[in-house]
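Here is the structure we will look at, set down as structure tokens.
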Amino acid sequence: MTCVESEFGRTGCTVFGDFASSLRPKERIRSAFVARMEIRFTSELSYRSSVEVLNEILHRSGDNEIKLMTLRDGIESAAARIDSHVDSHVDSHAERVLRDGGFDPETGLPTDPDSLPEPIRTPKCPGEDGLPDRADALREIIDAYNAKRVGAARIADAGLVEAVEPIADNCVYISVDDVGARHQKDTRKDGGTKTRKNVENTVIHVECAEGTYVPARVGMDPAFKLLLAFLLENRLMENQRVVFFSDGAQNIRRAIDRYFAFRPRTLMLDWYHLEKRMRELCSMALKGTRTEKHAMRDKLNAMLWAGNVDSAMAYLRNMQSSQVKNAGKLKEAIDYLERKRPWICCYALRKELGLRNSSNPAEKENDLVVARRQKHNGMSWSFGGSHALATVGAARRNDEIDGWLTDKDIRFTPKPKELTDSDEAA
């Protein structure tokens with residue numbers, strides 16, 4: 001009897017001969033240490049580079065060396081098993097929660113929103129009712145901010161001020177981003193044709209008082225179903241505010257509206273993308289010297305930073321004809337602000353209160369989980385291959401790899417903040 005490791009996980013103690021004869025083609029017996037290294041290297045390096053580094057570290061050569069296709073197949077198999085475990089975990093626990101709470105376990109949508117538990121449907125955040133001095137405190141902060149500014153650059157929208165969350169620990173902040181890795185051509189010698197250009201990976205970053213978590217899936221709907229199951233399992237929607245950040249993409253907004261229509265939620269347009277989009281449009285719409293353009297853009301940004309969308313739109317509408325290079329682009333900029341108005345917040349006040357204004361955490365995770373590994377010149381991916389790397393990459397970011405390798409367990413709980421902070425420092 002001996003204790004061995006099969007592919008990317010422990011099999012337990014078994015008769016070596018029987019175990020070896022049960023292996024599928026290309027499967028190898030490997031230690032958890034080797035499996036951990038394989039996952040780590042392939043999450044950051046190409047398969048070819050990973051094979052070279054691993055064989056050098058492990059002093060393998062000839063028939064004993066790790067082969068590229070074997071490594072790739074093993075990573076995809078590991079990802080499939082992780083997915084299967086997460087799915088079964090969701091099926092065994094979250095589906096019961098969904099069903100008992102009035103949700104359709106297949107779609108993740110409530111069958112009768114009015115029957116949902118009150119703490120989820122109409123959350124009452126603890127401690128927020130006992131803040132009689134909040135208005136006075138906010139007024140002091142706003143007055144100090146406005147004292148250094150004039151006109152439409154001042155904070156003036158009472159509705160946006162009132163919407164600012166009073167206690168960050170009562171909030172679950174969710175940033176959503178997607179990235180397309182180039183899809184491998186489906187053409188074949190017999191004349192088959194390609195159907196898609198990209199493999200769209202959706203990466204979500206969840207931040208709460210307990211820590212962080214990164215769900216990742218190919219496709220918006222699977223990612224949001226996993227997100228909903230995670231929030232339910234960890235009771236992160238009970239008497240908590242749910243605050244979304246995004247770059248303003250319509251598919252993200254539609255997914256939020258679809259899966260969270262049963263409860264109050266806040267969606268904010270990320271400041272970086274708002275500023276970037278307006279900079280691009282105004283650069284094409286306005287004319288003048290570089291200094292003049294920067295001055296106009298800075299004035300517009302000051303209005304939007306304070307949440308004064310009406311003032312910003314009026315400023316653009318009242319541009320002199322001598323300042324306009326492309327009237328169509330100017331109208332596009334005004335229409336953009338009109339469309340995005342519901343999701344533009346008072347960024348200035350949030351900054352003063354130390355609250356988030358950005359979906360940057362999701363974009364950073366997207367870079368770490370998908371883009372850094374999959375978006376290089378000449379790379380293309382099958383749906384299975386892209387999803388496999390995103391799955392193991394997200395598991396690494398969630399600090400779940402060791403638990404998977406040793407106990408076949410995916411924690412599916414927030415990663416503690418101290419571990420997140422140590423990752424950031426590294």
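Let's see how each residue does on (1) closer than 30 Å to ASP399 by Cβ; (2) out of contact with any strand residue (DSSP E or B) (no Cβ under 8 Å at 6 or more places or on another chain):
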{"site": "ALA216", "(1), (2)": "yes, no"}
{"site": "PHE244", "(1), (2)": "yes, no"}
{"site": "LEU269", "(1), (2)": "no, no"}
{"site": "LEU281", "(1), (2)": "no, yes"}
{"site": "ARG297", "(1), (2)": "no, yes"}
{"site": "TRP305", "(1), (2)": "no, yes"}
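Within the stretch 118-149, the residues that satisfy the criterion of being at pLDDT below 85 and surrounded by 13 or more Cβ atoms within 10 Å (Cβ to Cβ) are CYS125, GLU128, ARG134. Annotation for the stretch 366-386: no member residue is charged (D, E, K, R), at pLDDT 65 or above and part of a loop (DSSP other than H, G, I, E, B). Within the stretch 58-68, not a single residue is under 30 Å from the mean Cα position of the chain (by Cα), at pLDDT 70 or above and open to solvent by 80 Å² or more (accessible area, probe 1.4 Å). May I ask you to verify whether ASP335 is part of a helix (DSSP H, G or I), modelled with pLDDT of 95 or more, open to solvent by 40 Å² or more (accessible area, probe 1.4 Å) and out of contact with any Ser or Thr (no Cβ under 6 Å at 6 or more places or on another chain)? When the stated conditions are applied, ASP335 passes them. Of the residues screened, VAL214 is not one that is crowded, with 20+ Cβ neighbours inside 10 Å, touching a Lys or Arg at 6+ places or on another chain (Cβ under 9 Å) and modelled with pLDDT of 90 or more.
The values are calculated or read from the model by the stated rules, or taken from the named source; none is laboratory data. What you see is a predicted model, and the numbers here were worked out from it, not measured in a lab. Glycine gets a Cβ as well: all are built from the backbone with ideal geometry, and neighbour counts include every protein chain shown. Note: areas computed on protein heavy atoms with side chains; ligands, DNA, RNA excluded. Shrake-Rupley method; radii C 1.70, N 1.55, O 1.52, S 1.80 Å.
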